[in-house]
Every structure is written in C-alpha cells, then in structure tokens.
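Heads up: the structure comes next, in structure tokens.
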Amino acid sequence: HEYEELVRRAIKTGKSAGLMVIAGTGSNSTAHAVHLQKFAASAGADAALSVNPYYAKPTQEGLFGHFSAVAGAANLPVMLYNFPELCGKRIDLSTVAAFADRAPMCAIKQSGGEFAYHRDLIAHYRDCLIREGATNVIDLDTIWKEQVPRWAMYGIQALWTAAREGTG
C-alpha cells in the first residue's frame with residue numbers, strides 16, 4: 001500500500017499546484033489496468049494514461065476491448081498511449097475511432113514516429129491533444145492549451161519528489 005499512498009500524495013501535490021494530473025493506469029493485464037483505473041479515479045486524478053497491453057500483442061479487437069474495459073471502470077477520461085515498440089502492436093486509426101466514439105478519450109500519446117500516422121491522427125482528432133514521445137506536443141487544439149505548458153514546466157519529477165518527502 002506504500003505505492004498507493006505515494007500516488008495519492010503525488011496527485012494531491014499536483015492538484016494543490018493547480019495542475020492537471022494524469023495517472024498511469026496501463027498494464028499488460030486488462031484486470032490490473034481496470035484496478036488501476038478505479039484507483040486513479042478514487043485518488044482524484046483528472047485523467048488516465050493507458051498503454052496498449054505490452055508483450056501481449058492483442059488484435060485490434062482485443063485492444064478495443066482492453067481500452068473499453070479500462071474506460072468503463074471509472075468516470076475518468078482516458079489518454080491512449082500508442083507505444084508499438086514496447087507493445088509489439090500499434091493502435092490502428094480505426095481502433096482509435098471506434099474507441100473515441102464510445103469512451104471519454106481526452107488525448108493520444110503517440111510514440112511510434114510514423115509521420116503518416118501522426119498526420120492522420122491530427123486530421124481526424126483536431127479536438128484531441130496529440131503528443132509524440134515524452135515532450136513534443138503536436139496539436140493543442142483543446143481546453144488543455146493553458147494547462148500543458150504549466151504541467152510540463154513544473155515537471156513530474158517535482159511531483160514525485162514532493163510526494164515522497166511528504167511535502168505535498
């Protein structure tokens with residue numbers, strides 16, 4: 001339970017600084033990701049980052065089922081994390097579209113480096129924040145325009161340090 005307490009303190013620290021808090025709820029197990037999603041919501045996160053199930057290499061239908069189960073577990077917007085190098089499979093645009101039609105998708109974190117994929121994401125999801133890698137914002141056509149720069153400047157390391165030290 002030490003981990004959960006640390007996460008709760010990190011969320012409290014971020015929120016007290018006026019920041020949007022996105023909690024990582026990804027797992028290669030759908031059941032564990034669902035558990036993490038519920039925990040993130042109960043801890044007060046503003047959104048959740050959910051990666052495709054790493055190492056499992058599910059079909060697109062499997063990815064849709066995984067993300068739908070995670071999104072349905074709690075009333076918390078989901079940022080999809082497409083990381084094909086780690087996960088062995090990318091989230092196809094058709095899967096993103098199917099998920100976005102049925103769930104509260106707030107953003108996409110894209111770590112594939114494929115220009116055509118980025119172009120198509122931007123063309124179809126202009127109302128959604130799309131990020132490449134760790135820091136490069138591709139499109140900020142959302143309500144997060146003012147929050148992301150503040151969040152990036154403050155830095156996630158400061159949140160974890162404050163939470164660990166109990167100063168948050």
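Among the residues of the range 68-98, write down those that are within 24 Å of MET20 (Cβ to Cβ), open to solvent by less than 30 Å² (accessible area, probe 1.4 Å) and either touching a strand residue (DSSP E or B) at 6+ places or on another chain (Cβ under 6 Å) or among the hydroxyl-bearing types (Ser, Thr, Tyr) (or both).
Residues satisfying the conditions are VAL70, ALA71, LEU76, VAL78, MET79, LEU80, ASN82, ILE91.
What are the pairs with Cβ atoms under 6 angstrom where one residue, in the range 82-111, is closer than 12 Å to VAL51 by Cα and of a type outside the set (Ser, Thr, Tyr) and the other, located anywhere, is in a strand (DSSP E or B) and open to solvent by 30 Å² or more (accessible area, probe 1.4 Å)? Sequence gap at least six, or different chains.
LYS109/TYR81; GLN110/GLU132
Kindly evaluate ALA48 against the criterion of being open to solvent by 10 Å² or more (accessible area, probe 1.4 Å) and not acidic (Asp, Glu).
On the way: open to solvent by 10 Å² or more (accessible area, probe 1.4 Å): no; not acidic (Asp, Glu): yes.
For ALA48, the condition - open to solvent by 10 Å² or more (accessible area, probe 1.4 Å) and not acidic (Asp, Glu) - is not met.
Given the criteria free of Cβ contacts under 8 Å to residues at least 40 places away in the same chain, open to solvent by 30 Å² or more (accessible area, probe 1.4 Å) and within 15 Å of the chain's Cα centre (by Cα), does ALA56 qualify? Steps first, please.
Numbers: free of Cβ contacts under 8 Å to residues at least 40 places away in the same chain: yes; open to solvent by 30 Å² or more (accessible area, probe 1.4 Å): yes; within 15 Å of the chain's Cα centre (by Cα): no.
Taking the combined requirement at face value, the residue does not satisfy it.
Given the options TYR54, TYR81, name the one that is over 22 Å from GLU2 (Cα atoms) and part of a loop (DSSP other than H, G, I, E, B).
Residue meeting the stated conditions: TYR54.
The values are calculated or read from the model by the stated rules, or taken from the named source; none is laboratory data. On a predicted model such as this, the values are computed, not experimentally measured, just so you know. So basically every Cβ, Gly included, is an ideal-geometry build from the backbone, and we count neighbours across all protein chains shown. Calculation scope for accessible area: heavy atoms of the full protein, side chains included, ligands and nucleic acids excluded. Shrake-Rupley method; radii C 1.70, N 1.55, O 1.52, S 1.80 Å.
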